[in-house]
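Data block below; observations after.
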Amino acid sequence: MHPAPSIIAFTTFSGLGLGLLFWLGVDPEAPTGWIGFAFFLIGYLLAGGGLMVSTLHLGRPERALKAFTQWRSSWLSREAWTACAALIVMGLYAALLVFFGVQVHVLGWLGALLCLATVFTTSMIYTQLKTVPRWHHWSTPVLFQLYALGGGALLSGRVITGLVLIGLAALAQAGWWLGGDQRLAASGTTIESATGLGHIGRVRAFEPPHTGSNYLLREMVFVVARKHAQKLRLIALGLMAVLPALLLLLPFGHWLAAVAVLAHVAGVLVSRWLFFAEAEHVVGLYYGKR
């Protein structure tokens with residue numbers, strides 16, 4: 001019963017890549033030549049690679065194309081469309097910039113906005129779920145955007161902007177955790193309301209629905225001990241924000257910047273693991289896990 005590594009990697013690396021592409025798109029003097037090629041390549045490897053990794057979580061990855069057909073009702077489908085649009089527009093912008101030295105600002109801004117739209121649609125896949133009160137809150141999309149913009153700023157070399165944004169992301173993350181800890185109880189969802197038997201008195205499960213593990217338990221009912229969660233939260237904030245700030249406030253060195261970025265990514269991975277591990281899906285009520 002562990003959060004799927006593919007989803008953790010997808011939400012982390014695709015956000016970083018899209019954040020980097022955003023800053024390249026709005027840069028009034030974006031890098032050209034081989035330097036520009038390197039920046040865009042990193043952005044595409046992170047964003048495109050993250051999106052490809054996400055298909056590993058599908059039961060039938062070969063049917064991934066069908067995700068494009070449900071855009072009227074599915075945030076997953078909207079994510080697929082916005083991601084493709086963002087990568088296509090940014091690809092055209094990058095090609096003109098890198099190979100011809102022509103910067104079409106309109107394309108850059110359009111691609112940047114599509115990158116943010118992709119991050120938003122990704123966040124809404126989780127925010128829309130009323131069955132996970134911790135996620136079902138306006139702060140979830142805000143958190144995703146801050147992570148993408150902060151990490152992207154660091155990767156693009158915008159040190160001060162990056163430090164400000166990851167500082168805001170750390171504050172938002174701490175608030176998200178504190179508020180999220182109360183949301184399941186505040187939602188009023190109990191085993192009585194879940195079974196509809198509250199009118200006869202207090203309800204308790206006589207036996208769990210299954211004697212062994214199943215998909216629901218593996219994907220939605222992970223339970224992490226509170227003491228471990230608190231330690232991991234501190235580790236996440238330390239790696240994601242505190243250590244990069246300390247390193248980047250020292251006299252500049254490329255190796256320091258590289259370590260700062262790696263520390264930030266490691267911290268985001270830990271916080272993203274907690275995002276899924278602490279989800280508290282209400283289906284856990286039926287298994288006596290809530």
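Bear in mind these aren't lab numbers, they're just calculated from the coordinates by the rules spelled out. Remember, predicted model here, so these are calculated numbers, not experimental data. Glycine also receives a Cβ, built like all others from the backbone with ideal geometry; neighbour counts cover every protein chain displayed.
Label separation (MET52 vs VAL242): 3.7 nm, computed from points 7 Å beyond Cα along the C-beta direction. Taking region 65-98 and a reference point 7 angstrom along Cα→Cβ of VAL106, the backbone N atoms nearer than 20 Å belong to 85-98.
The calculated Kirkwood hydrodynamic radius for region 1-128 is 14.9 Å, given to one decimal from all distinct C-alpha pairs. When +1 charges are put on Lys and Arg Cβ atoms and -1 charges on Asp and Glu Cβ atoms, the dipole computed for region 1-128 relative to its Cα centre reaches about 480 debye.
Does anything in region 260-281 have its amide N under 16 Å from the 7 Å Cα→Cβ label point of LYS227, and if so which residues? Answer for region 260-281: none. For the peptides 176-184, 81-89, the ranking by packing is 81-89, 176-184, with the highest mean count of neighbouring Cβ atoms within 10 Å listed first.
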